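Bear in mind these aren't lab numbers, they're just calculated from the coordinates by the rules spelled out. Since this is a predicted model, take the numbers as computed values, not measurements. Positions of Cβ are backbone-derived with ideal geometry, glycine not excepted, and every protein chain shown enters the neighbour counts.
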Amino acid sequence: MIVADWQAGTVTDAARATPSGRVLTLDIPSWPGNDPGQHLDLRLTAEDGYQAVRSYSIASYGTGPRVELAVDEVPDGEVSPYLVEDVRPGDELEVRGPLGAFFVWTPAQSEPVQLIAGGSGIVPLMAMARAHHDSGSTAAFRMLYSVRSAPDAYYAAELADLVDEHFALHWAYTRQAPDGWAEPAGRISRALLERVTAPASAAPLVYICGPTGFVEAAARIMVGLGHDPARVRTERFGGA
Ligand SMILES: Cc1cc2nc3c(=O)[nH]c(=O)nc-3n(C[C@H](O)[C@H](O)[C@H](O)COP(=O)(O)OP(=O)(O)OC[C@H]3O[C@@H](n4cnc5c(N)ncnc54)[C@H](O)[C@@H]3O)c2cc1C
């Protein structure tokens, strides 16, 4: 595998998106472009030379120097608190990428797609949803987005705007559901996935992304519902 060199990027925007997360926009003049779903490595270097590298999915896609990330703060983490609390427009960051060839969707794919996101796991799926919309793809897309509560959702307004005959969106709330929501808050279950995701008979390509525990639970349920494991693609962000 060829690993690209580190490239310098400048933060051009750092917008609070949720109580625990920000959307960062970077200008990376040497960025070669990326497919929807890919990620990059980001490297921070402290004044004493200590370096830390973490992976971040890319919410944007295509060519051009603008690259969008969304970072959720992991309490006591080494890198994410800096990106969520401290980094400012004008700051420089080093990145390497794009990376990943498997967790990718491109408009050339015409089969049905089921996207399942937990928390900041929306990021690579957002790039796919944007590409699906922008390309005019008629592939049947469905998304299930599980968040702690409504304010914890990234891209809520943009997602609502994407809904049309080819893109269905379902929400799930793990801690607090909005007033009047039909179901109590709770972790995703087999009953929920059976009700709101594409059936195995439709043979969708399934993309699941989020914290490790969420991804493993969702993948297990989807396979239990009859989906071919070879058509269930996962990206784990770490954590319990
Ligand atoms: C391919 C890939 C793409 C990713 N994309 C994103 C993204 O788009 N947005 C995003 O916010 N994060 C993303 N992550 C997670 C990210 O790489 C870091 O792991 C995360 O930001 C925590 O780093 P940290 O240095 O702050 O915490 P660390 O110092 O690495 O960890 C501190 C503690 O938190 C635990 N921990 C680490 N990661 C998580 C987590 N995700 N959830 C809960 N606990 C955790 C660790 O086990 C440790 O106990 C991605 C990870 C991968 C592998």
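The mean sequence separation of alpha-carbon pairs under 8 Å and at least six residues apart, normalised by the residue count of the stretch 99-145, gives a relative contact order of 54 percent.
With respect to the chain, whose longest principal axis is taken over its alpha-carbon atoms, helix 122-135 is tilted by about 80°. The mean sequence separation of alpha-carbon pairs under 8 Å and at least six residues apart, normalised by the residue count of the stretch 1-97, gives a relative contact order of 37 percent. Contact order, relative form, for the stretch 186-240: 43 percent (alpha carbon pairs under 8 Å, 6 or more residues apart, mean separation divided by residue count). Using the Cβ-Cβ distance between Arg220 and Asp164 with R0 set to 35 Å, the FRET efficiency from 1/(1 + (r/R0)^6) comes to roughly 0.70.
Extension gain, Asp134 to Glu111: 0.36 nm times the residue separation minus the Cα-Cα distance gives 6.6 nm. Relative to the longest principal axis of the Cα atoms of the chain, helix 212-224 runs at roughly 30 degrees.
Local charge for Ala52 was computed over the other residues whose Cβ lies under 14 Å away, with Lys and Arg +1 and Asp and Glu -1, and equals -4. Over the stretch 127-215, the fraction of Cα-Cα pairs per 5 Å bin, rounded to whole percents and listed from the shortest bin up, is 3, 12, 22, 25, 21, 13, 4, 0.
The orientation-averaged projected area of the convex hull spanned by the Cα atoms of the chain comes to 13.4 nm².
Relative to the current alpha-carbon distance between Arg231 and Val53, full extension at 0.36 nm per residue lengthens the span by 61.1 nm. Dividing the C-alpha radius of gyration of the stretch 1-101 by 2.2 N^0.38 Å, with N its residue count, gives 1.01.
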